[in-house]
Amino acid sequence: MFVRLLFLLLALCTPAFAGQAPVRAADDEDLTIQAFLTELETAISTADRQRWTDLLSAAADRDDALQFFDDTVPQGITRVVVKERDRSSLQGTLPGEGFRLIVEVFIETGPRGRIATWRVDIRRPRGEDLGRQPWRILTEERSRACIAFR
């Protein structure tokens, strides 16, 4: 009995995985950014320029944004996955109002696929009816390195 009690106490006091940081619960900011990334994924997977345009900030350069979309989103997409890799505060914005996201974008077109890293600067617009999506794209950029495979 004593051995079982001792084992139970040790199991409760010892972290499950030494060296791992505790997992924190997602807050409202995380949830809204994840919803934004889902909208971004949908715009890419459907190759829908209008959905892409709907994600743009009023301050974004629409011509540059559409050129970026046309250059990076091929026709015939069969699958897309967008994953956030890094997030930092966007310079020139109030805390929590803008972020620089680094995202990895996997695009599959039939038997071919490619992975690219994008930098997407997003901002929460003020004084607008934001509807379901409170984030808008200010600027976007693709890294020069892109991995393609079959």
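The values are calculated or read from the model by the stated rules, or taken from the named source; none is laboratory data. None of the values given here were measured: they were computed from a predicted structure. Please note: Cβ atoms are built from the backbone with ideal geometry, for glycine as well, and neighbour counts cover all protein chains shown. Please note that ligands, DNA and RNA were not included when accessible areas were found on the heavy atoms of the full protein model with its side chains. Shrake-Rupley method; radii C 1.70, N 1.55, O 1.52, S 1.80 Å.
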**Request:** State which residue is least open to solvent (accessible area, probe 1.4 Å) when the search covers only the range 123-150 and only residues that are out of contact with any Ser or Thr (no Cβ under 8 Å at 6 or more places or on another chain) and modelled with pLDDT of 80 or more.
**Result:** GLU140
**Residues (farther than 26 Å from PRO111 by Cβ and more than 16 Å from the chain's Cα centre (by Cα)) located in the range 78-95** = GLN91, GLY92, THR93, LEU94, PRO95
**Request:** Considering (1) outside any helix (DSSP H, G or I); (2) under 18 Å from the mean Cα position of the chain (by Cα), say which one GLN75 fails and leave the rest.
**Result:** (2)
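Considering only the range 41-54, state which residues are open to solvent by 10 Å² or more (accessible area, probe 1.4 Å) and on the phi < 0 side of the Ramachandran plot.
Answer for the range 41-54, where residues must be open to solvent by 10 Å² or more (accessible area, probe 1.4 Å) and on the phi < 0 side of the Ramachandran plot: GLU41, THR42, SER45, THR46, ASP48, ARG49, GLN50, ARG51, THR53, ASP54.
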**Complete:** Of the residues in the range 55-89, those that are open to solvent by 20 Å² or more (accessible area, probe 1.4 Å), touching a residue at least 40 places away in the same chain (Cβ under 8 Å), aliphatic (A, V, I, L, M) and under 30 Å from GLY113 (Cβ atoms) come to VAL81
**Asked** Filtering the range 23-37 down to residues that are open to solvent by 60 Å² or more (accessible area, probe 1.4 Å), more than 15 Å from PRO95 (Cβ to Cβ) and not aliphatic (A, V, I, L, M), which residue is modelled with the lowest pLDDT?
**Response** ARG24
